[in-house]
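A.B. asks: Next up is a structure, given as structure tokens.
The values are calculated or read from the model by the stated rules, or taken from the named source; none is laboratory data. Quick caveat, the model's predicted, so the values are computed rather than measured. Cβ atoms come from the backbone with ideal geometry, glycine included; neighbour counts cover every protein chain shown. SASA here: full protein model, heavy atoms, side chains in, ligands and nucleic acids out. Shrake-Rupley method; radii C 1.70, N 1.55, O 1.52, S 1.80 Å.
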Amino acid sequence: WAVKEWKSIKRAEFDGKSSTGTRAVELKCVLGALLVIAITGSYGYFAAQKVERSKRLNALLGQMQAVQSRNAVFKQRFMEAVSENTPTMDAYVSRCEHVEVALLEYEPALREADGQLAQLSEFVPEAKPQFEVIRRVFAVDLRSAQTFRHETQVAKQLRGMPPTQQRNFYQAYLIPIKQEEIQLGEEETQIVRDAQKAGVKLPEAFYQLGNK
């Protein structure tokens, strides 16, 4: 009965405009993979152009590359948790618990990387348009992480509910959160598209995101 109820929930979740499916997860995985490539590529570009200006800049770039390497591990754990298969309601709740644990590392990592980008932008004022775009994407990514955290907190209430009550609760409270996750992913994509139209030069990986 519980499995039947969960399948019914998932069918309803995919209906029409209320469809959440796995699209939010796909958008986050695309963004996560591309940010690692794009930001690392940006470091290399700006280092080649500006490193001679200051030892302090050189030190900052080295710190950023080291942090990015470490943060890539946190990001991978988060993506794996978000992408877990959830054939049952219990599996979905477990998945949310894993996401919550992954966020303990991933969310601070995003904030740290954004702070370093802010410092780097001060050294390279002529690249301000590029940094603004990248930081706008980071800002939305942080909001997305907070939305995933909200989902994990709400999902805890599913434990112990009878299947019918779980269904009603999921549809009333969790589907809207998952729709917000999708909207944030689309917002990130639109930022890149707008930058591309404005002629802002970004790593190719960002343009690939904008064409999704």
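A.B. asks: Here is a check on your reading of the model: is residue 116 within 24 Å of residue 65 (Cβ to Cβ), assigned to a helix (DSSP H, G or I), in contact with a Ser or Thr (Cβ under 9 Å, 6 or more places away or on another chain) and among the polar types (S, T, N, Q)?
C.D. replies: no
A.B. asks: Considering only residues of the stretch 103-123 that are modelled with pLDDT of 90 or more and open to solvent by less than 10 Å² (accessible area, probe 1.4 Å), which is nearest to residue 62 (Cα to Cα)?
C.D. replies: Ranking the candidates gives 106 first.
A.B. asks: Residues 126, 188, 84: which one is surrounded by fewer than 16 Cβ atoms within 10 Å (Cβ to Cβ) and at pLDDT below 90?
C.D. replies: Values: 188 fails: surrounded by fewer than 16 Cβ atoms within 10 Å (Cβ to Cβ); 84 fails: at pLDDT below 90.
Checking each option against the conditions leaves just 126.
A.B. asks: Follow-up question, since we're still on this one. Residue 137: crowded, with 19+ Cβ neighbours inside 10 Å, under 13 Å from the mean Cα position of the chain (by Cα) and more than 18 Å from residue 82 (Cα to Cα), yes or no?
C.D. replies: So residue 137 passes the test.
A.B. asks: Inspect the stretch 166-180 for any residue being open to solvent by less than 60 Å² (accessible area, probe 1.4 Å), under 28 Å from residue 58 (Cβ atoms) and in contact (Cβ under 8 Å) with a residue 60 or more places away in the chain and give the result as yes or no.
C.D. replies: no
A.B. asks: I need the full set of residues from the stretch 121-131 which are touching a Ser or Thr at 6+ places or on another chain (Cβ under 9 Å) and in contact (Cβ under 8 Å) with a residue 12 or more places away in the chain, in order please.
C.D. replies: Step one: list which residues in the stretch 121-131 are touching a Ser or Thr at 6+ places or on another chain (Cβ under 9 Å), which gives 123, 127-128, 130-131.
Selection gives 123, 127, 130, 131.
A.B. asks: Please verify whether residue 121 is more than 30 Å from residue 84 (Cα to Cα) and among the hydroxyl-bearing types (Ser, Thr, Tyr), treating the condition exactly as stated. Reasoning before the result, please.
C.D. replies: Details: more than 30 Å from residue 84 (Cα to Cα): yes; among the hydroxyl-bearing types (Ser, Thr, Tyr): yes.
Yes: the conditions hold for residue 121.
A.B. asks: Could I ask something else about it? Does residue 92 meet the test of being open to solvent by less than 10 Å² (accessible area, probe 1.4 Å) and farther than 15 Å from residue 155 by Cα? Steps first, answer last, please.
C.D. replies: Working: open to solvent by less than 10 Å² (accessible area, probe 1.4 Å): yes; farther than 15 Å from residue 155 by Cα: no.
For residue 92, the condition - open to solvent by less than 10 Å² (accessible area, probe 1.4 Å) and farther than 15 Å from residue 155 by Cα - is not met.
A.B. asks: I'm trying to understand the selection: among the residues of the stretch 140-174, which are among the aliphatic types (A, V, I, L, M) and closer than 20 Å to residue 102 by Cβ? Walk me through how you get there before you give the answer.
C.D. replies: Filtering the stretch 140-174 down to residues among the aliphatic types (A, V, I, L, M) leaves 140, 142, 145, 154-155, 158, 161, 172, 174.
Correct list: 140, 142, 145, 154, 155, 158, 174.
A.B. asks: Considering the stretch 91-120 alone, what residues qualify as being basic (Lys, Arg) and in contact (Cβ under 8 Å) with a residue 24 or more places away in the chain?
C.D. replies: Within the stretch 91-120, 111 is the sole residue that qualifies.
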